[in-house]
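Below is one structure, written out as structure tokens; comments come after it.
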Amino acid sequence: PPPAEKYEYQAEVSRLMDLIVNSLYSNKEVFLRELISNASDALDKLRYLSVTDSQLLKEAADLDIRIQTDKDNGIITITDSGIGMTRQELVDCLGTIAQSGTAKFLKAVKESKDAGTDNNLIGQFGVGFYSAFLVSDKVVVSTKSPKSDKQYVWEGEANASSYTIREETNSENLIPRGTRLTLYLKRDDKGFAHPERIQKLVKNYSQFVSFPIYTWQEKGITKEVEVDDDPVEAKEANQDENIEKKKKTKKVVERYWDWELTNETQPIWLRNPKEVTTEEYNDFYKKTFNEYSEPLASSHFTTEGEVEFRSVLYVPAISPMGKDDITNPKTKNIRLYVKRVFISDDFDGELFPRYLSFVKGVVDSNDLPLNVSREILQESRIVRIMRKRLVRKTFDMILGISMSENKGDYETFWENFGKHLKLGCIEDRENHKRLAPLLRFFSSQSEDEMISLDEYVENMKPEQKDIYYIAADSVSSARNAPFLERLLEKDLEVLYLVDPIDEVAIQSLKSYKEKNFVDISKEDLDIGDKNEEKEKVTKEEFGNTCDWIKKRLGEKVANVNISNRLSSSPCVLVSGKFGWSANMERLMKAQTV
Ligand code: ADP
Ligand code: MG
């Protein structure tokens with residue numbers, strides 16, 4: 001056979017391995033989760049391809065994962081019958097970082113170092129294959145792709161800058177298809193090769209993997225075996241010739257080794273929602289999306305009739321991308337299945353509007369074709385219906401959080417995803433009715449705690465027709481605006497729009513419960529206290545003064561008028577009825593909208 005070829009790792013890989021080994025040592029056992037998840041991905045890919053090419057299954061019909069341990073030598077082998085890798089794929093996948101998840105991890109580590117925060121990143125990111133080196137001195141990957149007629153062996157050692165690839169020559173190691181990983185454990189980590197330890201870890205980390213995982217376990221069966229009669233007893237028995245000789249038996253336990261199914265493979269979304277506990281939903285969420293904290297809400301539903309699909313959706317408790325990046329299209333938050341076959345996690349944009357890109361979950365449809373592509377999804381009437389239902393369920397979920405007894409939940413939600421909903425007001429006219437009740441603002445009567453539009457409306461004066469707002473860059477500058485004086489004097493509540501996007505969102509809504517939103521900084525604000533007689537008198541008295549001021553200021557202002565909207569300030573600058581508000585103008589200048 002040709003000799004093993006030596007390859008250098010891409011520079012980032014060496015850096016990643018360093019990081020993994022040095023910063024994640026306290027959580028070593030995650031290596032198993034990562035390797036099982038790779039095996040499961042490889043099985044998903046094979047199952048997906050076999051739908052259109054059933055020949056693929058012919059070498060090995062069973063799709064499963066088998067884990068064997070040798071505790072005396074500290075060796076673990078993990079075998080899957082998945083898609084395997086060709087020689088080139090071994091180089092591309094295990095020698096370079098092409099995967100976005102891993103690249104993101106590196107970036108996050110760097111950022112958290114720069115920021116001086118030392119959060120536990122392993123829980124939030126999959127670090128993949130290289131986590132095998134957390135516990136291993138040496139890792140051997142023997143793999144057979146259906147695309148190649150040869151099986152190849154990748155071999156790498158901890159702290160090395162290179163690896164080798166050769167052809168598999170040992171006939172004992174040949175597999176029909178898939179990948180076999182052999183981990184030679186470090187001296188201090190040999191304990192992982194205990195069958196019970198592995199069984200526990202599999203149960204803990206991989207209970208939602210949808211392929212069977214078998215572990216190699218020692219078993220015992222009890223057998224009855226005949227034993228020779230006790231000589232003394234036999235002698236006694238012989239003395240009494242009437243009693244027939246009885247054969248004696250005894251129970252013994254016979255030990256042997258066999259594969260044992262270690263996980264449950266029924267996907268959670270196929271189960272009856274009544275029988276799934278909140279804890280199970282939360283566990284599924286954390287394990288599927290590598291999340292650290294519990295979700296704020298979840299929703300499990302089935303729709304039948306016109307379009308049939310099942311789904312479990314979640315609202316996360318934190319926004320991983322940071323509060324400002326609200327339109328990242330590549331979130332991989334929605335896992336799409338067709339008839340239980342995993343299709344892709346790249347179709348978030350087709351299934352959800354981008355302002356709801358923070359929602360995570362799984363969607364399993366019986367009506368889509370298995371070879372579904374982005375183009376098919378975009379054209380499909382079925383997807384349009386699914387999208388509508390998914391969006392409605394999401395609003396129900398968010399409304400649920402807002403009504404939760406635990407007030408802090410909605411505050412958390414709003415802090416993380418309030419911006420998303422405001423973007424929704426701008427982009428999704430059709431759902432204004434569902435979005436508006438979820439919005440929150442500070443107001444002249446509630447400067448510390450945000451209120452809802454419902455609370456505002458309830459607090460309106462009997463004669464009040466409109467919802468008043470003022471846009472400013474902070475609560476304190478809103479409070480000090482001269483426009484506010486007369487409204488406060490009349491005890492009218494004014495919403496403070498202090499987030500740059502607020503004003504555009506409110507203007508998109510136009511009204512709430514048939515009450516118009518009115519910007520109090522615009523000219524001709526009518527708060528229902530016109531006194532025409534008095535106005536006439538003032539106009540006669542100060543008309544000339546106004547003309548004089550207008551002349552002096554010239555083009556700098558459009559108009560100088562007498563106003564009844566101030567109580568203690570001598571004058572105020574307002575925007576024209578059809579112009580931008582001062583706040584908008586500031587925003588346009590800063591180009592943040
Ligand atoms: P990720 O799983 O995020 O892609 P990993 O580091 O875990 O990153 O794996 C890198 C790549 O190696 C995978 O994307 C896959 O192409 C390949 N790979 C790893 N394990 C297997 C396996 N058991 N079978 C087939 N391919 C695998
Ligand atoms: Mg992986």
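Only the coordinates and a few stated rules stand behind these numbers; no lab work does. Since we're looking at a predicted model, the values are computed, not measured. Cβ atoms come from the backbone with ideal geometry, glycine included; neighbour counts cover every protein chain shown.
For ASP367, nonlocal amide neighbours, meaning residues 5 or more places apart or on other chains whose placed amide H falls under 5 Å from its own, are GLU308.
Give the shape of segment 401-463 as rounded, prolate or oblate, defined through the alpha-carbon gyration tensor: a ≥ b ≥ c are the square roots of its eigenvalues, a/c under 1.5 means rounded, and otherwise the shape is prolate if a/b is larger than b/c and oblate if not. Judged from the Cα gyration tensor, segment 401-463 comes out oblate (a/c at least 1.5, b/c at or above a/b). For segment 379-433, GluC sites (Glu not before Pro) meeting the loop criterion (DSSP other than H, G, I, E, B) and having at most 13 other Cβ atoms within 10 Å: GLU405.
Projected onto their three principal axes, the Cα atoms of segment 428-528 cover extents of 37, 29, 26 Å, largest first. In whole Å, what is the distance between the alpha-carbon centres of segment 438-486 and segment 2-51? Using only Cα atoms, the two centres lie 54 Å from each other. Is it possible to state the helix-based mean residue ellipticity at 222 nm for the chain, with each DSSP H run of 4+ residues giving -39500 (n - 2.57), the sum divided by total residues, to the nearest 500 deg cm²/dmol? What is it? Rounded to the nearest 500, the figure is -10500 deg cm²/dmol. Over all Cα atoms in the chain, the spread is summed up by Rg and Dmax: 34.5, 144 Å.
When a footprinting reagent is the concern and you count Cβ atoms within 10 Å, what order do CYS93, CYS571 take, fewest first? Display every interim value, and only then the final one.
Working: CYS93 19, CYS571 10.
Fewest-to-most Cβ neighbours within 10 Å comes out as CYS571, CYS93.
Taking 16 Å as the straight-line reach from the Cα of LYS190, the lysines in range (excluding those fewer than 8 positions away in the same chain) are LYS28, LYS71, LYS138, LYS200.
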